[in-house]
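Remarks on the structure that follows.
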Amino acid sequence: MYPLGMDFSRESGMVLIPTRFVWPYGGRLVYISGSFTGWTQWPMTPVEGCPTVFQTICSLPPGYHQYKFVVDGEWRHDEHQPFISSNIGTVNTVLLTRESDYIPAMISPQMPPSGPGSSMDVDNEVRVSDGASPEPFPKVSDADLEISRHRIAVFMSTHMAYELLPESGKVIALDVDLPVKQAFHILYEQGISTAPLWDFSKGKFVGVLSALDFILIMREVGTLRSKDLILDPQLLEAGMENRPVVGVIKVLGSNGSNLTEEELETHTIAAWKEAKSYMNSQISGQGGVVSRRLVQAGPDDSMKEIALKILQNGVATVPIIHSPSADASNPHLLHLASLSGILKCICRFFKHSPTSLPILQLPICAIPLGTWVPKIGEPNRQPLAMLRPSASLSAALNLLIQAQVHSIPVVDDNDSLLDVYARSDITTLAKDKIYTHINLDETTIHQALQFRDDPFSTYGSNNQRCYMCLRSDPLHKVLDRLSQPGVRRVVIVEAGSKHVEGIISLGDVFRFLLAS
């Protein structure tokens, strides 16, 4: 058997191809024996965490090979792989290796932004085709997927939330009695899109204010009308017409297109949250005001529990809250946990043992991950939402909500990527009080992106960069990029043309890894 790794024989100049062999059917002692070992028996090792799965990697020259497994002293062949029978009844598994089967990890330096004011981050890679049909990419095997998912699940189940806490930093929380206007400006000035809400009268954290709240406010003021609003009679009979919740609803219903500074100054976060709950209940037909409980976690909760809370509740962050007393009084806000932080821990843990996660070296196009542009005639594929620069900001906000996505690629007439408009970009409208003098239907996405990309902005930490990758990039490269602060998605583009082929978000990655 040749040494492990892709290299060239000094004597023959032959390329050696690292080939992974797996026996997933159990046993105590498992060996591999084949034409490439001289039919001597080479030991296989059990996969960590999966004692019934054995593996080994051999470096083979291109060509035809035969092999078998020896399991607890018995010669066996894998019935799920191609095999051949001899005249005397011997059955061997067969394998054909080619140089094209080897796909090295592709790590390339980043090139500078593509132009003045550009917020795009691209790979400095040029791949030239000779016109021949490309070799098909390998598909992920069930064994590789099971091993990788199991190991990641074990890691996430045995590592706690307190490991996500940074050595230093700050966590910003907002009082529910703050005016909406002040909260809007704080999010923008601090370069954040989410903040937990503290209710002083209750002595606890009661919710989260996010960029989505401001999208809903900006969107509702342009669509609601007081004549279309039907207040619950029970609210009126109970004398609630003077409560802030009704006041906010009336303001949202009576305004035409611009949100005035006085309205944001007058109404508090608590009033908006109550109004939001009321409107949601009207849409669902439940009536009344239904409050949603805060999704939170403790420092001793596992990373897996936190990731599942984020996915199942459709939130971007989960506050890590610790209370030193048994009655949960005097709670301390420690951190805002996110999928990005969890992924960073995963990447750091497996950085020096990438072979322990076999799927890391596979190209992303070989993995059922993300949302891809449907091919012609392809059925049952969810379309990928995209916008033109000339589309209105109102259309963008509506699409963000209706498609239930955090960002939308902005493309030209050839569907080539120009930028991305994200939920968090709404906070840039707080700059210079832009929200008071724009019309959502008349403002284009191109103009909205210029608000965000102002190079003279006093607060520069809120800029949303557009990260790209190619369909042939290995999974480990995409995960590493998504684990960086502020990166929530990677757009898959065609090399050269930047034609959008798909998008992979943090949520996509964890739904795939956790099979949820």
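The values are calculated or read from the model by the stated rules, or taken from the named source; none is laboratory data. Note that the structure is a prediction, hence the values are computed from the model and not measured. Cβ placement follows ideal geometry from the backbone for every residue including glycine, while neighbour counts extend to all protein chains displayed. Side chains are part of the model used for accessible areas, which takes the heavy atoms of the whole protein and leaves out ligands, DNA and RNA. Shrake-Rupley method; radii C 1.70, N 1.55, O 1.52, S 1.80 Å.
So the values come out like this:
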item	result
Cross-chain or 6+ apart pairs with Cβ under 6 Å, the range 390-403 first and over 13 Å from F214 (Cα atoms), then part of a helix (DSSP H, G or I)	A391/I445; L393/A448; A396/I445
Residues (closer than 30 Å to I217 by Cα and among the hydrophobic types (A, V, I, L, M, F, W, C)) located in the range 138-183	V171, I172, A173, L174, V176, L178, V180, A183
Conditions (1) surrounded by fewer than 21 Cβ atoms within 10 Å (Cβ to Cβ); (2) over 23 Å from L479 (Cβ atoms); number of the one not met by T427	(1)
Meets criteria (on the phi > 0 side of the Ramachandran plot and either over 15 Å from the mean Cα position of the chain (by Cα) or open to solvent by 30 Å² or more (accessible area, probe 1.4 Å) (or both)) for A403	no
Residue satisfying all of: in the range 281-316; touching a Gly at 6+ places or on another chain (Cβ under 9 Å) and among the hydroxyl-bearing types (S, T, Y); modelled with the highest pLDDT among these	S281
Subset tally (residues that are more than 33 Å from the chain's Cα centre (by Cα), on the phi < 0 side of the Ramachandran plot and modelled with pLDDT of 85 or more) for the range 38-61	6
Some residue of the range 487-505 being of a type in the set (G, A, S), under 18 Å from S424 (Cα atoms) and not in a strand (DSSP E or B)	no
M240 within 24 Å of the chain's Cα centre (by Cα) and either crowded, with 17+ Cβ neighbours inside 10 Å or at pLDDT below 55 (or both)	no
Residues of the range 165-217 classified as more than 26 Å from the chain's Cα centre (by Cα), surrounded by 21 or more Cβ atoms within 10 Å (Cβ to Cβ) and among the hydrophobic types (A, V, I, L, M, F, W, C), total	3
Any hit, the range 48-67, residues being open to solvent by 80 Å² or more (accessible area, probe 1.4 Å), part of a strand (DSSP E or B) and in contact with a Ser or Thr (Cβ under 8 Å, 6 or more places away or on another chain)	no
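Residue-by-condition table, conditions (1) open to solvent by 70 Å² or more (accessible area, probe 1.4 Å); (2) among the aromatic types (F, W, Y); (3) modelled with pLDDT of 90 or more:
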| residue | (1), (2), (3) |
| --- | --- |
| A337 | no, no, yes |
| G341 | no, no, yes |
| H352 | yes, no, no |
| L362 | no, no, no |
| G377 | yes, no, no |
| N380 | yes, no, no |
| L387 | no, no, yes |
| S390 | yes, no, yes |
